[in-house]
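Would you mind keeping the following structure in view while I ask a few things?
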Amino acid sequence: MENQSKSVKIILGLSLGLMIILILLSFLTPVNRALLRNERINILILGCDNVENSKRADVIILLSYHPRENLMDIVSIPRDSHVHVPSYKLLRINEFFAYGYKEGGMERGAELTRSVVEGLLKIDIPYYVQLDFEDAIRLVDALGGVDLDIPEKMDYDDNWGNLHIHFLPGMQTLNGKEAIGYLRFRKDYQGDIGRMQRNRSFLKALSNRIKSPALLLRLPQLTLAGIKSFHSNLGFYDVLSLSFAGRKFDGKSFRQQQLPGKPVSVRGAWVWEIDQPRLEKVVQLLQTETPAVTPAVTNIRVELWNATRDREAVAEVTRVLRQSGVDVLSWGYYEKVLPHCKIIDRTGNLEIIDKLRDTLNCSEVETSLNDATLTQAVIIIGEDWRKKLAL
């Protein structure tokens with residue numbers, strides 16, 4: 001027992017020493033200089049599948065970190081988003097990785113996709129991180145798993161694709177293979193939109209795992225897994241700088257959304273047609289130096305949707321909101337029962353959302369910008385509403 005205790009102390013001491021050296025080296029990186037200047041840092045995340053010897057970007061997410069506000073914007077870009085690039089006869093944005101990969105391998109595929117997303121959003125995205133499913137499995141296992149609250153039962157089997165997903169609702173620690181199943185699952189009522197929401201939830205859970213002090217003991221194997229798995233134009237010390245910045249994140253550090261649009265048929269194929277006026281508002285939000293502060297903060301208007309079996313839910317939640325100065329303009333029944341509360345933010349104004357989040361003790365927030373309505377937010381009441389409000 002004594003020898004085991006000494007071994008743990010030695011490993012911990014070596015890990016701390018290694019961490020101090022890495023911290024000192026990370027101060028020299030371009031990313032760290034941007035952090036010190038409080039400049040936004042934009043990174044494109046590409047998760048790729050490998051089907052019939054062709055790689056396509058199954059997951060495309062923009063991470064935009066604002067150091068001054070300690071705010072991470074997570075923007076999902078639907079893989080079927082319709083883009084027009086004159087020099088390419090491609091319909092969907094995820095096809096560009098496959099095209100670039102055939103031209104010049106992993107780096108070419110990632111760089112081509114990055115440049116297309118830059119053109120779509122009209123913002124500078126200097127960095128990318130590309131991961132295959134096998135890479136992600138290796139990294140999650142090196143982290144010791146990721147803790148996720150799974151809201152609903154998930155069951156799906158695809159023998160041809162070697163994909164078997166079976167989860168019961170509740171908080172659980174997923175290993176690498178299980179995490180990939182969670183990320184790939186799309187057999188619920190929301191389809192690909194639900195999958196993108198789970199991708200964003202996973203990134204938040206990942207940031208929580210990185211903050212764990214127990215990660216010190218896993219630093220050697222995590223470093224080795226990162227070297228084997230990362231395909232990126234970020235340097236090792238850039239990643240380290242971002243990891244240390246991420247240790248400051250809390251539940252209010254994330255603003256999540258996806259590019260607005262709708263499915264349409266183009267040349268006989270279904271694509272996600274992006275709503276350009278609403279896209280401009282998303283981009284404007286990403287370029288704003290500080291969160292908007294408007295008179296609406298003192299005059300918040302919301303609509304309620306009851307996703308519970310409890311008829312008292314709307315009346316009680318309305319009472320709590322009005323006591324906090326929030327006006328409920330309308331209410332209705334949601335299309336299905338949900339276990340947890342959810343807030344849909346229509347303005348991107350963090351002060352409004354923080355007030356609603358604190359009032360209802362609701363941590364799940366999605367941003368879907370829409371100024372064509374009278375309300376600043378939609379609140380979907382989940383079955384845990386009594387527990388959240390301590391009623």
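Here are some residues: SER207, SER212. Which one is within 18 Å of the chain's Cα centre (by Cα) and at pLDDT below 90?
It is SER207.
Further question on the same structure: List the residue pairs whose Cβ atoms are under 6 Å apart, where the first residue sits in the stretch 92-108 and is touching a residue at least 40 places away in the same chain (Cβ under 8 Å), the second is buried (at least 23 other Cβ atoms within 10 Å of the Cβ) and among the aliphatic types (A, V, I, L, M), and the two are 6 or more positions apart or on different chains.
Taking only residues 6 or more apart or on different chains, the pairs are PHE97/ALA57.
For (1) exposed (fewer than 15 other Cβ atoms within 10 Å of the Cβ); (2) basic (Lys, Arg); (3) outside the structural domain of ASP192 (by TED's automatic domain parsing); (4) closer than 19 Å to ILE45 by Cα, each residue gets a yes or a no:
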| residue | (1), (2), (3), (4) |
| --- | --- |
| LEU206 | no, no, no, yes |
| PRO220 | yes, no, no, no |
| LYS228 | yes, yes, no, yes |
| TYR237 | no, no, no, yes |
| LEU240 | no, no, no, yes |
| LYS252 | no, yes, no, no |
| SER265 | yes, no, no, no |
| ASP275 | no, no, no, no |
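Quick check on VAL328: is it more than 26 Å from ASP149 (Cβ to Cβ), at pLDDT 95 or above and not in a helix (DSSP H, G or I)? Show your work before the answer.
Details: more than 26 Å from ASP149 (Cβ to Cβ): yes; at pLDDT 95 or above: yes; not in a helix (DSSP H, G or I): yes.
Yes; evaluated as a whole, the condition is true for this residue.
Could you tell me whether any residue of the stretch 344-366 is free of Cβ contacts under 8 Å to residues at least 12 places away in the same chain and not in a helix (DSSP H, G or I)?
no
Which is closer than 27 Å to LEU215 by Cβ, surrounded by 18 or more Cβ atoms within 10 Å (Cβ to Cβ), more than 16 Å from the chain's Cα centre (by Cα) and small (Gly, Ala, Ser), of GLY176, GLY145?
Only one candidate passes the filter, namely GLY176.
Going residue by residue through the stretch 188-203, is there one that turns out to be touching a Pro at 6+ places or on another chain (Cβ under 9 Å) and at pLDDT below 85?
Within the stretch 188-203, the subset touching a Pro at 6+ places or on another chain (Cβ under 9 Å) is 192-193, 196.
Narrowing the set further to residues that are at pLDDT below 85 leaves 192-193.
Within the stretch 188-203 (the criterion being touching a Pro at 6+ places or on another chain (Cβ under 9 Å) and at pLDDT below 85), the answer is yes, since at least one residue qualifies.
Consider the stretch 70-81. How many of its residues are surrounded by fewer than 20 Cβ atoms within 10 Å (Cβ to Cβ) and part of a strand (DSSP E or B)? So that I can check it myself, show each step before the final result.
The first filter runs over the stretch 70-81 and keeps only residues surrounded by fewer than 20 Cβ atoms within 10 Å (Cβ to Cβ), leaving 70-71, 80.
Within this subset, residues satisfying the condition of being part of a strand (DSSP E or B) are 71.
Final tally of qualifying residues: 1.
Which of the following residues is surrounded by fewer than 16 Cβ atoms within 10 Å (Cβ to Cβ), modelled with pLDDT under 95 and touching an Asp or Glu at 6+ places or on another chain (Cβ under 7 Å): VAL337, VAL365?
On the way: VAL365 fails: surrounded by fewer than 16 Cβ atoms within 10 Å (Cβ to Cβ).
Testing whether each residue is surrounded by fewer than 16 Cβ atoms within 10 Å (Cβ to Cβ), modelled with pLDDT under 95 and touching an Asp or Glu at 6+ places or on another chain (Cβ under 7 Å) leaves just VAL337.
Exactly one condition in (1) part of a helix (DSSP H, G or I); (2) over 25 Å from LEU217 (Cβ atoms); (3) free of Cβ contacts under 8 Å to residues at least 60 places away in the same chain is false for ASP155; which is it?
(1)
The values are calculated or read from the model by the stated rules, or taken from the named source; none is laboratory data. Computed from a predicted model, the values in this text were never measured in an experiment. Heads up, the Cβs are rebuilt from the backbone with ideal geometry, glycines too, and the neighbour counts pull from every protein chain shown.
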